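Rule-based calculations on the coordinates, nothing more; no lab input. All of these numbers come straight from a predicted model, not from anything done at the bench. Cβ sites come from the backbone with ideal geometry, for glycine too, and all protein chains shown count toward neighbours.
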Amino acid sequence: MDRDRGSELRSRRWVEADGIHIDVRGLPPPQPMVSILTLVESIRDATPVVVHHERDPLFLYPELAEIGWTSERLDAPAGEVRLLLTRAA
Amino acid sequence: MTGAAREPVPEKAKAASFAPLDAGDASEAPRPAKAVQDPRGRKVKTTPGAFLGGAVGRLLPASIPFRYFGAAAVFHVAAWVALFAGADGAPRYRGGLGWTLASLHLVTLGVLTMTAIGASLQLLPVATRQAVRTRHAPTLVFWLYAPGVAAAAVGMGLPSVPLLATGALLIAVALAIYAVLLARNLFGARGMPAVIAHVWVAWIALAIVLVAALSLAFAYAGGTALPRAVALALHVPFAAYGFMGMLALGLSYILVPMFALSQPPDERTALVSCALACSAFAAVAAAAFGIAVVPLRVAAIGAGGVAVALHLRLMLASLAKGMRRDLGPSFRLVRLGWAMLAASLAAALGVALDVPFGGMATLFGLLLIAGWLLTFLLGILQRIVPFLASMHASRGKHRPPTPSSLAAGSALSVHAVCHVSALAVLAAAIVLDNAWLARIGTLIGLVGSVAFLAFFVQVVRRMLGAGAEGRTRAASV
């Protein structure tokens, strides 16, 4: 879909040992949410996702709960909100 | 190596919940956090309510938006009761005090404006990335506004001019405070120019509506500010299309892409739509003062029609390109509301051209108020309420209750069937000028409104239950 391609172009993704990272800083609403949910929905196993955000994505949490994912806040540098998203057991 | 699948994202994502605004709080200092270690040995900060992190500064306490939504659900029931009381004259209603007028205002003030205040006070600070500046003012607005609506409606129904005047004053003061809150938010807004432009137009329309409505209300008590014909000609379009309509269209540019999980609509087209709507309002205002009445009203409907067409094209494109294709029963109501918006403009043309049909003005009112605004708003509300409930219930919990679990049940299906049936039967009552059909239609609508109220009560009970469960669990750890 065009939208998915657009989200992927605007958000940065990379893989580290602790999971897939996605940086949505600088994106206007609702693009961060679209990008994060697009990524989460594409994961078929227990791989966690680390989100780098500039603000706490307040309205994302019920959406994550709806699709069976949970969120935890991680340490992050000042000005960044970092979240660990994992599929609920 | 990760186990992430590389296949494309599913076309149809899970659709059970409201896809909301993604935002957080930059305004409220985070509460003290304690560091613990996750299973991988990394430091994780947890706080009371850490699931929302420091984001609560943009959230009003649950009791504030929910009291507005709850009052709207109660006034919705009252509106159908009042319409039943005035059903004899409803098919050919052309104005004047009585229960039909009371019913109309229970919908416009009690349901539509009540919900608009609650939703905009909660959504706009998040959308415009600002903190909630005051929690007392929204509470004050409610305690002025809700009794004002009740007094004004009963004053219209009985009729009792002192009660109507008292209610009108309370409403005017409440809406003036709300207008100040809205303006403060809009002045500090960042980004979203199309949304902000629409809400500013709604704000100006609200000011015009307040003057016209007070003029109409106090005309019954012997006072006059504007000639009745002028006040009425300003009141109807500026209240329904101006204040409520532009607020609905503007907030849709936030809500619909979030529901559908799609990219924001094209700003330029949205601004052109807004400009066309403004030109329509200017023409309507001039016509209200007796200037080239018929040509200007027809021109206004034409410009309004193009504005609506552009808006709906953006909305449908947003839905078509969204990650979430199936938006459930609530969006069937939203789509019906959009169709009724277009139909209301066709009926407005019939009124402007004085089509020889006695029920034209009443049919226009039904399509505009119940068909477009009420249907659209109830569709939106049934997504917002469980979502906000989930968000508020999640405080202090690792995993919040899902919106779909909070909204589960048959009440919304009953409501949808009854609402659509009531609209159809009432339209038939107007076309056939049949009071019995009007009574049957209002009874069906009443059943639907009770079902909607039951849905609301159920969501709130589940939200409170989930919150209590979370506190109990936290206390036992």
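Things worth noting here:
- Under a model in which nothing but the beta-carbon of Lys, Arg (+1) and Asp, Glu (-1) is charged, region B:58-162 shows a dipole of about 400 debye around its Cα centre.
- Between region B:301-315 and region B:413-466, the alpha-carbon center distance in angstrom: 29
- The calculated FRET efficiency for B:ALA408 paired with B:SER63, based on their beta-carbon distance and R0 = 22 Å, is about 0.40.
- Counting, for every residue in A:23-31, the Cβ atoms of other protein chains within 10 Å of its Cβ and taking the mean gives 5.
- Residues of region B:207-222 with an amide N closer than 12 Å to a point placed 7 Å from the Cα of B:ARG228 along the Cα-to-Cβ direction: B:216-222.
- Label point distance in nm, A:ALA76-B:ALA183, each placed 7 Å from Cα along Cα→Cβ: 3.7
- Chain A: Rg to Rh, with Rh as the Kirkwood radius over Cα pairs: 0.92
- Segment B:VAL173-B:SER160, length gained on full extension (0.36 nm per residue, minus Cα span): 2.7 nm
- Calculated FRET value between B:PHE289 and B:ALA131, using beta carbons and R₀ = 45 Å, to 0.05: 0.60
- A:SER42-B:LEU432 FRET efficiency (beta carbon distance; Förster radius 41 Å; 0.05 resolution): 0.15
- Between B:ASP266 and B:LEU97, the contour length at 0.36 nm per residue exceeds the alpha carbon distance by 56.4 nm.
- Per-residue shielding of B:313-322, expressed as the average number of other chain Cβ atoms within 10 Å of the residue Cβ, stands at 1.
- Per-residue average of Cβ from other chains inside 10 Å of B:386-393: 3
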